[in-house]
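Each reported figure results from applying straightforward, stated rules to the coordinates on display, with no laboratory input. What you see is a predicted model; the values in this text were computed from it and never measured. Here the Cβ positions follow ideal geometry from the backbone for every residue, glycine too, while neighbour counts run over all protein chains shown.
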Amino acid sequence: MTCDDVERDLDPYTDRELPARSAAAVREHLDTCPACRHRVADREALGRMVRSVPYHEAPDRLRARIAGEIRRSHSIRRLYTWAAAAALVVSIGAAVSLMRSVGRTDSAMAVAVVDAHVRSLMADHLFDVRSTDQHTVKPWFLGRLDFSPPVIDLASAGFPLVGGRLDYVSGHSVAALVYQRQQHTINVLVWPTSDPASGTTASQVRGFHVRHWVRQGMSFWAVSDLNDAELSEFARALQPA
Amino acid sequence: MPSRPFEETVLPHLDAAFNYARWLTRNDADAEDVVQDACVRAVRFFSSLRDGDARAWLFAIVRNTWYSRLSRRSRAEVMPLDQTAEEPADRGLDPEARLLQQRDVGRVRDALDRLPIDFREVLVLREIEGMSYKEIAAVVRVPIGTVMSRLARARDRLAAVLELAVPVERLP
């Protein structure tokens, strides 16, 4: 290999883009040629200089604008889904089928919630914030969500809070609160809703028990492999009178 | 359709997208507008991402957004350069070294800003984003050989501006 060859391969060599054999040939030449060593050193120094220039980080106002755009596009998509569902209902033309479709939507949501629960356990991504202190968990969600989920510790009722994370259920960001009962994990997924307040409904998906209620503009979904009676107890404890 | 939602796939690259846009546009206001428009497009075309490299995909959209804006504008229009802000220098250095470092960083940035856009962007993608030639080729939509030759010429120019040694026969 000659100095001209090194000259030609100077950039891919310093960028580590040369095939192993060519790189070895360049290295061999460098061992014997101070001038080429100098060239390589200059290229590396130039790279360090460029990398020393500070990174331009996205300003917070840009983040906020983009979060707004994403929310808007999600709600437009929800509107389309709704319009499609409404058209279907009209074509069937009966109030009964409307009620059924609401029921179906809820059971589809129960499946999505169970999926989120299983995902959190399988992917070993149960926590973004691990703390038994509600005063640590609640502020953690600030700035990560555009709503503030109610966070209560239920240690005194036998369901200690163990942490929280962000999750995604059918297209929106939700707060996931994680509680523990002995070896069982309970995920509570919370997000804002315009649905009216409702009492607790129970369902079962693939062997997991699910409880759902709406309270103060928030939709709550509790899911666990805990037995039915204890999950009911948990749901009651989470809804103080 | 990617298996994970937009917020998890694309948004982690927001800082990188802004940094790239900032180097393309050379001012904050344009960079913010370009990244916002690019994200709106990205949401719309999210299903086309598959499970590929989200960063390179987002960068390509940022780049297209900027070029379509540029072509709408008069090419002759002079882009205002932001006032160079004080650089946060390494606090571990003594005052003199800190001054030197600030001056050097400012000099390198000015030199980069004065490079032609084709040269500037490959340097930023390679040195600051650490992209491979293949990734850069995907963002800039040129063959890998072109990426290589642009990088070589960009570095020669930059070294010349910064008055570093450059092989004489390669001076542009």
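A few comments on the model shown:
- Proxy reagent accessibility, fewest Cβ within 10 Å first, across B:Thr65, A:Thr193: A:Thr193, B:Thr65
- Rounded, prolate or oblate (a/c below 1.5 giving rounded, otherwise prolate when a/b exceeds b/c) for region A:119-241 by Cα gyration tensor: rounded
- The angle between the Cα long axis of helix A:3-14 and the longest principal axis of the Cα atoms of chain A comes to about 20 degrees, rounded to the nearest 10.
- Counting only Cβ charges, +1 for Lys and Arg and -1 for Asp and Glu, the dipole size of region A:138-241 around its Cα centre is about 120 debye.
- Once exposed loop trypsin sites (Lys or Arg not before Pro) are cut out (DSSP; at most 14 other Cβ, 10 Å), longest piece of chain A: A:17-143
- Basic side chains Lys and Arg get +1 at the Cβ, acidic Asp and Glu get -1 at the Cβ, and with that the dipole of chain A about its Cα centre reaches some 820 debye.
- Taking the C-alpha atoms only, the angle from helix A:20-32 to the longest principal axis of chain A is near 40 degrees.
- The Cys residues in chain A with no partner Cys Cβ within less than 4.7 Å of their Cβ are A:Cys3.
- Two-decimal log10 I(q)/I(0) for chain A, as the Debye equation yields it once each C-alpha is a single scatterer, q = 0.07, 0.12, 0.15, 0.16 Å⁻¹: -0.44, -0.76, -1.03, -1.14
- Options A:Val50, A:Pro34, A:Ala64, ranked by Cα towards positive dipole end of region A:1-80, top entry (Cβ charges): A:Ala64
- Two-site FRET efficiency, A:Arg27 against B:Ser47, from Cβ-Cβ distance with R₀ of 56 Å, rounded to 0.05: 0.75
- Calculated [222 nm] ellipticity per residue, helices only, for chain A: -17000 deg cm²/dmol; basis is -39500 (n - 2.57) per DSSP H run with n ≥ 4, divided by all residues, nearest 500.
- Shape call, region A:158-217: gyration tensor on alpha carbons, a/c limit 1.5: prolate
- 3J(HN,Hα) from dihedral phi, region A:222-231, Karplus parametrisation 6.51/-1.76/1.60, rounded to Hz, x for glycine, proline: 9, 9, 6, 8, 4, 5, 4, 5, 5, 5
- Summed side-chain charge close to A:Arg21 - residues other than A:Arg21 whose Cβ falls under 15 Å, Lys, Arg +1, Asp, Glu -1: -2
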